[in-house]
Amino acid sequence: MSTFTTVRCSRKETAGVAVASCAGLPGKRKIHHSPDGYEWGYGGSGPADLALNILARVRPHKGRRDGAVLLHDGTRVGDDAWDCHQQFKWTVIVGMPKHGFALSRDDVERWLAAGDHEHRRAVGRELIEREEMHAPALSASATW
């Protein structure tokens, strides 16, 4: 099984439709909020599933039923990932630029280690600002 190091999300335009994709999340996609896939840049179900999947890779459950949350697709995630995925969505994923972004395991670990909501918001702002600085170098059809 491969381990999570960096997730890279981007958009490509195909037949006039922008299609979002994320690479770098090993394993099967866990579906709880959105059957339509990952998204970012707003506060919907696609961003919630992206946040949950990123955190589930960084804080996986140990395969036991205790300490795990059962998702709509029948898979499980650890309590750690479940308990903070909405906060991660709102403080990081929602603010990511529409063209795309990259987050490393270290970025996510730093956000988790920040602890309280205000410190996590500050780390989230730093991550978003870093990714916004890359916007001029990327186009809507950029690949990672």
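The table for this structure:
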| read-out | value |
| --- | --- |
| Radius of gyration, Dmax [the range 6-137; alpha carbons; angstrom] | 14.4, 46 |
| Mean Cβ count within 10 Å, highest first, over the residues of peptides 83-95, 30-42, 105-117 | 83-95, 30-42, 105-117 |
| R0 of 22 Å, Cβ-Cβ distance E13-E132: FRET efficiency to nearest 0.05 | 0.60 |
| Backbone HN-Hα couplings from phi across the range 81-87 [Karplus 6.51/-1.76/1.60, Hz, Gly and Pro as x] | 5, 5, 4, 10, 5, 5, 5 |
| Residues whose placed amide H lies under 5 Å from that of S34, excluding near-sequence neighbours | D49 |
| Calculated FRET value between T5 and A113, using beta carbons and R₀ = 22 Å, to 0.05 | 0.80 |
| Under the Karplus curve 6.51 cos²θ - 1.76 cosθ + 1.60, θ = phi - 60°, whole-Hz ³J(HN,Hα) for the range 13-24, x wherever Gly or Pro sits | 8, 10, 6, x, 10, 7, 10, 8, 8, 10, 10, x |
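Computed from the coordinates by the stated procedures, all read-outs in this text should not be read as laboratory data. It should be emphasised that the depicted structure is a prediction, and the values quoted were computed from it without experimental measurement. Glycine gets a Cβ as well: all are built from the backbone with ideal geometry, and neighbour counts include every protein chain shown.
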